[in-house]
Amino acid sequence: VQAGIISGFLLSFVTAPVEGIKARLQVHRGTGKHPSSWSCAKEVVGRLGMINGLYRGWLPTAIYWSHNGLYFGLYAAFSQLVQPTNSAVLQTQHGRQVTLQSALLAGSLTSVTYWAWIFPVVMAKNRIQAAPDTSPPTYSSMSDCVRTIHRESGVRGFYTGLDVVMPRAVCNGAATFGFYELAVAVFDAVGQVRS
């Protein structure tokens, strides 16, 4: 869990500018305003600088990516809840037994729980990063964005689009952890054959 938090925090320094450019390109797609990612980045830095331009929205990005630790911690917890009761064990490692079915179920539960928890932060991040490039900025801070969302739409405003994300979350979580457990089983089997 701690490794997920630290790695997610460090990753935010790379992902914040990339996600900011992506958000701008998605909002202005088809307008001809930004013909490429590179031209968009150059224009943003030229007009607003690195901090107020490329790194706008860094704080919610850091919070979002730092929750990687929660993602893996949830999987460990759900894996314990859905431990296999039959003999079709995929692998045994450090006393832990896993079936492909339990990995798929635990992965789905993990992803759904994670997205229900983190979605308000993602909503704020996306609104900040996709806001027009003005000076002063549309949102003076993350808390300003949060207050604006709540004032405009109430609590429901933080969950706009969650109904679209959840089916993807079920499939993504199942696939991520199902393939993870398969890979571990394959590498364990190869290691046992070699030894």
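The values are calculated or read from the model by the stated rules, or taken from the named source; none is laboratory data. Being a predicted model, the structure only gives us computed values, none of them experimental. Protein only, heavy atoms only, side chains kept; ligands, DNA and RNA dropped before computing areas. Shrake-Rupley method; radii C 1.70, N 1.55, O 1.52, S 1.80 Å.
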Worksheet item: What are the residues whose amide H is under 5 Å from the amide H of V98, where those residues sit 5 or more places off or on another chain and H is modelled from the backbone?
Response: L90, Q91
Discussion item. Keeping all protein chains in place and using 1.4 angstrom, which order do S66, S153 fall into by accessible surface area, from largest down?
Written reply: S153, S66
Worksheet item: Could you work out the helix-only [θ] at 222 nm for the chain, with each DSSP H run of four or more residues adding -39,500 (n - 2.57) and the total divided by the number of residues, to the nearest 500 deg cm²/dmol?
Response: -24500 deg cm²/dmol
Worksheet item: What aspartates and glutamates sit close enough to K22 to cross-link, taking a C-alpha to C-alpha distance under 16 Å and skipping anything fewer than 8 places away on the same chain?
Response: E43, D133
Worksheet item: Per the Debye formula with a single identical scatterer at each Cα and no solvent contribution, what log10 I(q)/I(0) holds for the stretch 125-195 at q = 0.15 Å⁻¹?
Response: -0.69
Worksheet item: Whole-Å semi-axes of the chain's equivalent ellipsoid, largest first, each the root of 5 times a Cα gyration tensor eigenvalue?
Response: 39, 19, 14
